[in-house]
Amino acid sequence: MSEQVDVWARGFADIAVLKPCCVLTVLRLGVHALWLDTDVVALANPFFELLRGRPARDLWLQAGGAHALDLPEDDLDAWRSELCTGLYLARATPAAAEVMRHAIHAMALRADDLQFGDQSATNLVLHEARWRKGLGALSVGVLDPLAFPTGGLFFEARAPQARGISPILVHNNYLIGHALKVARFKAHGLWFL
């Protein structure tokens with residue numbers, strides 16, 4: 001694709017279905033998958049940080065949803081507001097693969113709904129996990145929002161900086177438009193191209 005496509009546009013919806021398809025393919029090969037949208041910048045080795053000292057979960061996802069400018073109270077609060085699929089680690093487990101398979105199916109059922117992308121589908125599957133085949137033992141964790149902040153927390157609220165925390169990854173979300181995202185990265189010294 002030669003042009004930038006913003007969220008909720010037809011081109012974005014066409015691309016969004018490919019995310020869980022790619023991750024499912026990698027998981028079926030027996031390889032862990034770290035998904036980063038193109039508006040994520042790594043400030044430290046994410047594999048080292050994601051795999052060391054954390055409980056072995058099938059999925060680790062970024063907190064998001066209603067928490068653009070504030071921190072979720074706990075993992076349950078993050079779950080209620082929606083988890084972000086622009087930044088996640090999926091381990092090569094049958095349950096993680098099933099989440100991707102179910103998300104692909106959910107997206108296929110709503111192919112004409114431009115606002116029902118991979119994030120909506122994944123959150124739907126996670127909320128319905130106890131009723132979905134193959135997901136009874138699914139284990140999901142929420143990434144520390146200060147170490148893996150959203151664009152709102154990092155650029156607007158400056159939550160990690162206020163606490164002296166150096167993030168591992170920064171997601172330049174909660175802003176729509178390629179030019180705006182590039183400008184925000186540049187303004188904060190995070191544009192490396």
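I'd like to know if the range 172-184 contains one or more residues that are β-branched (Val, Ile, Thr), surrounded by fewer than 22 Cβ atoms within 10 Å (Cβ to Cβ) and closer than 25 Å to residue 22 by Cα. Can you show your working first?
Just the residues of the range 172-184 that are β-branched (Val, Ile, Thr), to begin with: 176, 182.
With surrounded by fewer than 22 Cβ atoms within 10 Å (Cβ to Cβ) added as a condition, the list becomes 176, 182.
From what is left, the residues that are closer than 25 Å to residue 22 by Cα are 176.
So far as the range 172-184 goes, yes, one or more of its residues are β-branched (Val, Ile, Thr), surrounded by fewer than 22 Cβ atoms within 10 Å (Cβ to Cβ) and closer than 25 Å to residue 22 by Cα.
Taking the condition exposed (fewer than 15 other Cβ atoms within 10 Å of the Cβ) and among the aromatic types (Phe, Trp, Tyr), does residue 79 pass?
Working: exposed (fewer than 15 other Cβ atoms within 10 Å of the Cβ): no; among the aromatic types (Phe, Trp, Tyr): yes.
Taking the combined requirement at face value, the residue does not satisfy it.
Can we say residue 154 is at pLDDT below 90 and of a type in the set (Phe, Trp, Tyr)?
Details: at pLDDT below 90: no; of a type in the set (Phe, Trp, Tyr): yes.
The answer is no for residue 154.
So residue 139 fits all but one of (1) buried (at least 19 other Cβ atoms within 10 Å of the Cβ); (2) on the phi < 0 side of the Ramachandran plot; (3) not β-branched (Val, Ile, Thr); what number is the exception?
Of everything listed in (1) buried (at least 19 other Cβ atoms within 10 Å of the Cβ); (2) on the phi < 0 side of the Ramachandran plot; (3) not β-branched (Val, Ile, Thr), residue 139 misses just condition (1).
Name the residues in the range 14-46 that are open to solvent by 50 Å² or more (accessible area, probe 1.4 Å), under 17 Å from residue 173 (Cα atoms) and assigned to a loop (DSSP other than H, G, I, E, B), would you?
Hits for the range 14-46 are 38, 43.
Taking the stated definitions as given, is residue 187 without any contact (Cβ under 8 Å) to a residue 24 or more places away in the chain and surrounded by fewer than 13 Cβ atoms within 10 Å (Cβ to Cβ)? First the steps, then the outcome.
Values: without any contact (Cβ under 8 Å) to a residue 24 or more places away in the chain: yes; surrounded by fewer than 13 Cβ atoms within 10 Å (Cβ to Cβ): yes.
When the stated conditions are applied, residue 187 passes them.
So which residues in the range 160-174 are on the phi > 0 side of the Ramachandran plot and at pLDDT below 95? Outline the logic, then answer.
Within the range 160-174, the first condition is being on the phi > 0 side of the Ramachandran plot, and the residues that meet it are 164, 174.
Result: 174, single match.
Starting from the range 148-159, keep only residues that are closer than 16 Å to residue 181 by Cβ, then list their pairs with residues that are charged (D, E, K, R) whose Cβ atoms are within a distance under 7 Å, requiring at least 6 positions of separation or different chains.
155/184
Restricting to the range 105-116, and then to whatever is open to solvent by 40 Å² or more (accessible area, probe 1.4 Å) and not in a loop (DSSP other than H, G, I, E, B), can you tell me which residue is farthest from residue 23 (Cα to Cα)?
We begin by selecting, within the range 105-116, every residue open to solvent by 40 Å² or more (accessible area, probe 1.4 Å); these are 105, 108-115.
Then drop every residue that is not not in a loop (DSSP other than H, G, I, E, B), which leaves 105, 108-109.
On the way: 105: 14, 108: 16, 109: 19 Å.
For the range 105-116, the residue satisfying everything is 109.
The values are calculated or read from the model by the stated rules, or taken from the named source; none is laboratory data. On a predicted model such as this, the values are computed, not experimentally measured, just so you know. Ideal geometry is used to build each Cβ from the backbone, glycine not excepted, and the neighbour counts take in all protein chains shown. In case anyone asks, the SASA skips ligands and DNA or RNA and just uses the protein heavy atoms, side chains included. Shrake-Rupley method; radii C 1.70, N 1.55, O 1.52, S 1.80 Å.
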